[in-house]
Amino acid sequence: MQDLAKADLERFIAGLPKAELHMHIEGSLEPELMFALAKRNSIDLPYASVEELRKAYAFSRLQDFLDIYYQGAQVLLTVADFHDLGMAYFKRLAADGGRHAEIFFDPQTHTDRGLPFSVAIDGLLSAMGEAEATLGVTSKLILCFLRHLDEDAAFETLEQARPYLHRIAGVGLDSSELGHPPSKFAQVFEAAANLGLCRVAHAGEEGPPAYVWEALDVLNVDRIDHGNRSLEDPRLVKRLAAEQMTLTVCPLSNLKLCVVDDMTAHPLKSMLDLGLKATINSDDPAYFGGYLNDNWIAAARGVGLDRDELLTLARNSFTGSFLKPEEQAPHLAAIDAYAAGFTAH
Ligand code: ADE
Ligand code: ZN
């Protein structure tokens, strides 16, 4: 165990090879790009300026954010828009030492306003190809079902995704958690499993531990997105630790959405102390005040993470990914080499 001096912490995090496993691409739409796309597509925004829009990013719970997030996504109309959105994110990720990302997208947010299913995914796949070729960043795509809609709508979306299934790593479950338990989507998740897709679900962000149990037992998920409230249930903690279930934790999101009152009260360190397999992620970086490294730094400072804990989190980000073990191996070796070569000032 070795504490990093304050000045070394940021430098250590900046160079650490890492992956991001919980990031909604629509949540990476920066106000500047939103205004540029609104102009390109002749759409009127209900805000006069980037500054005015940013001022509206004051949330006291998940739903406050979702309302503004779905409104913002309306400027995305063309394949080129989704490509530009994707590339803007991948550039930020690469600058943060990100080597791999498993990104969420919400097709229903776009098909429900009349866009063909192909528009968002074609643009994102094109950005993913460009990011790998030009930045060396690999990525996978996770199709999220909106849980405030019904299961039939989720099935319709899965049907629309059929021609793209070879390019989709898995399905996820996002949007308003309270009142929409994972069990509402039991059948569509079973259908996704039968199609060979991986499964993740937001659970325990605002919802109770019972939702995390359902995600595990009913949806058979491979990862839990957030999972904070799992800590309220010692039996659940034991299960998550025993299974080494990956939790994709999002520190700045938790702060912005008032899931935690203060970063010093964030459960990330407790999760590690309890033997849980936590990772650090940005969730919706354009709305929550920071990209991947901002989350790492805020969490490390807030709860006091040491060098070994940071290395564990970096390893977890790859071993918790949907990369094959042989694809994870070079990243894990790069983390070891980085740790061995890092000298504190
Ligand atoms: N959609 C985008 N971000 C989300 C979050 N943090 N929780 C649920 N749904 C989301
Ligand atoms: Zn999320």
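The values are calculated or read from the model by the stated rules, or taken from the named source; none is laboratory data. Treat the numbers as computed from the prediction; the structure is a model and nothing was measured. Please note: Cβ atoms are built from the backbone with ideal geometry, for glycine as well, and neighbour counts cover all protein chains shown.
Odds and ends about this structure:
- Look at the stretch 8-22: where a residue is without any contact (Cβ under 8 Å) to a residue 12 or more places away in the chain and surrounded by fewer than 21 Cβ atoms within 10 Å (Cβ to Cβ), no partner that is hydroxyl-bearing (Ser, Thr, Tyr) and in a strand (DSSP E or B) sits 6+ places away or on another chain with Cβ atoms under 8 Å.
- Qualifying residue in the stretch 125-138 (condition: within 16 Å of ligand 2 (Cβ to nearest atom) and modelled with pLDDT of 95 or more): no
- Residue within the stretch 230-239 that is within 16 Å of ligand 2 (Cβ to nearest atom) and either in contact (Cβ under 8 Å) with a residue 60 or more places away in the chain or of a type in the set (Phe, Trp, Tyr) (or both) present: no
- Flag if MET271 is in contact with a Pro (Cβ under 7 Å, 6 or more places away or on another chain) and at pLDDT 95 or above: no
- Selection status of ALA56, surrounded by fewer than 19 Cβ atoms within 10 Å (Cβ to Cβ) and on the phi < 0 side of the Ramachandran plot: yes
- Neighbours by Cβ (under 9 Å, 6+ apart or cross-chain): first from the stretch 98-111, within 13 Å of ASP284 (Cα to Cα); second more than 14 Å from ligand 1 (Cβ to nearest atom) and in a strand (DSSP E or B): ILE103/SER139; ILE103/LYS140; ILE103/LEU141; PHE104/LEU141; PHE105/LEU141
- Yes/no for LEU219 being over 24 Å from MET263 (Cβ atoms), buried (at least 21 other Cβ atoms within 10 Å of the Cβ) and away from ligand 2 (no atom under 14 Å from the Cβ): yes
- Scope the stretch 103-147; condition farther than 15 Å from TYR89 by Cβ and part of a strand (DSSP E or B); matching residues: LEU143, CYS144, PHE145, LEU146
- Filtering GLU214, GLU243 for residues that are surrounded by fewer than 17 Cβ atoms within 10 Å (Cβ to Cβ), more than 26 Å from ALA298 (Cα to Cα) and not small (Gly, Ala, Ser) leaves a single hit, GLU243.
- Neighbours by Cβ (under 6 Å, 6+ apart or cross-chain): first from the stretch 60-78, farther than 16 Å from ALA48 by Cα; second crowded, with 19+ Cβ neighbours inside 10 Å and of a type in the set (Asp, Glu): LEU62/GLU206; ALA73/GLU26
- When PHE104, PHE117 are checked against the criterion of being at pLDDT 95 or above, under 16 Å from the mean Cα position of the chain (by Cα) and over 17 Å from ARG40 (Cβ atoms), PHE104 stands alone in meeting it.
- Whenever a residue of the stretch 170-185 is within 18 Å of PHE105 (Cβ to Cβ), its partners that are assigned to a loop (DSSP other than H, G, I, E, B) and within 9 Å of ligand 1 (Cβ to nearest atom), lying with C-beta atoms within less than 8 angstrom and at least six residues away or across chains, give the pairs LEU173/ARG147; ASP174/ASP106; ASP174/ARG147; SER175/ASP106; SER175/ARG147; SER176/ARG147; PHE185/ARG147.
- Condition met for PRO251 (in contact with a helix residue (DSSP H, G or I) (Cβ under 7 Å, 6 or more places away or on another chain) and touching a residue at least 40 places away in the same chain (Cβ under 8 Å)): yes
- The criterion of at least 2 residues that are free of Cβ contacts under 8 Å to residues at least 12 places away in the same chain is met by the following helices (runs of 4 or more DSSP H) wholly inside the stretch 272-345: 325-341.
- Residues located in the stretch 121-143, provided they are of a type outside the set (A, V, I, L, M) and either farther than 19 Å from GLY170 by Cα or in contact with a Cys (Cβ under 7 Å, 6 or more places away or on another chain) (or both): GLU130, GLU132, THR134, GLY136
- Residues in the stretch 74-118 that are under 30 Å from ASP262 (Cβ atoms), of a type outside the set (Asp, Glu) and within 16 Å of ligand 1 (Cβ to nearest atom): TYR89, ALA101, ILE103, PHE104.
- Restricting THR134, THR157 to residues that are among the hydroxyl-bearing types (Ser, Thr, Tyr) and away from ligand 1 (no atom under 16 Å from the Cβ) narrows the list to THR134.
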